Amino acid sequence: LFGATDQDKSLEIFLYNPENVEIVIDKVQKLFENYYVYSWIDLNKSFFGALKVERNVMFIILSLIIIVAAFNIISGLTILVKNKTKEIAILRTLGLGKKSITKVFFITGFSIGFFATITGIIFGVLFSIYVEEIRLLVTNLFNVKLFPEEIYFLSKMPSELDLKSILIIALCSLFITVLASIFPSLAAAKMDPVKA
């Protein structure tokens, strides 16, 4: 009809689930080995690359924040051990074992980290759900345009909750909390009652 040659022809495939594009591309490329097959990911490669880098950097920043919080737990427990030196000595003299002293301070440190993690998850999820409302509130209160549409090409602030990421961050936080709680607990248990 249009006098088009083989060079002018192209085929577009629309998927019900666009996230399966990589699997479909492999199948289509095998069918049409002599043709160039590309997807919406290839067309927006720089954008997706920037998003991947941003996600990795955000994970590193979150990890650093958790590590700083862990140092706060270590310093808090160390100060607690120093302040409770007499009480530890009295308990040890009354026959309380080193393991029991370790457990007391470990449970204290772990409970701080556990409740901080739960609180952080709750606030983080609520912030993610209401991020657009918060952006509009800050914009109206301070008359400052956060994430202007002409720069970011977004009419509203996008937010997506990923259960897998939340679980990984929570587990990392609890793991760092366990590590942070061990050292001051062991220091408390090693304390000599006579010197104390």
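The values are calculated or read from the model by the stated rules, or taken from the named source; none is laboratory data. Predicted, not measured: the structure shown is a model, and the values here were computed from it. Here the Cβ is made from the backbone with ideal geometry for all residues, glycine too, and neighbour counts use every protein chain on show. Quick note on the areas: whole protein, heavy atoms, side chains included, nothing else; ligands and nucleic acids left out. Shrake-Rupley method; radii C 1.70, N 1.55, O 1.52, S 1.80 Å.
Limited to region 131-168, what total is found for residues that are in contact with a helix residue (DSSP H, G or I) (Cβ under 6 Å, 6 or more places away or on another chain) and open to solvent by less than 70 Å² (accessible area, probe 1.4 Å)?
3
Quickly run through region 17-37 and pick out the residues that are within 25 Å of GLN7 (Cα to Cα) and of a type in the set (A, V, I, L, M, F, W, C).
Across region 17-37, the qualifying residues are VAL21, VAL24, ILE25, VAL28, LEU31, PHE32, VAL37.
Here are SER128, SER111: which of them is among the polar types (S, T, N, Q), surrounded by 12 or more Cβ atoms within 10 Å (Cβ to Cβ) and within 15 Å of the chain's Cα centre (by Cα)?
None of the other options fit; the residue is SER128.
Of all the residues that make up region 63-83, how many are under 17 Å from THR119 (Cα atoms) and either touching a residue at least 24 places away in the same chain (Cβ under 8 Å) or of a type in the set (Gly, Ala, Ser) (or both)?
6
Which of the residues spanning region 79-106 are open to solvent by 90 Å² or more (accessible area, probe 1.4 Å), of a type in the set (A, V, I, L, M, F, W, C) and over 23 Å from VAL178 (Cα atoms)?
Selection gives ILE90, LEU94.
What helices (runs of 4 or more DSSP H) completely inside region 129-196 contain at least 1 residues that are at pLDDT 85 or above, of a type outside the set (Asp, Glu) and farther than 27 Å from ALA70 by Cα?
Correct list: 131-142.
From the set of residues in region 19-78 that are among the polar types (S, T, N, Q) and open to solvent by 90 Å² or more (accessible area, probe 1.4 Å), which is nearest to LYS164 (Cα to Cα)?
ASN56
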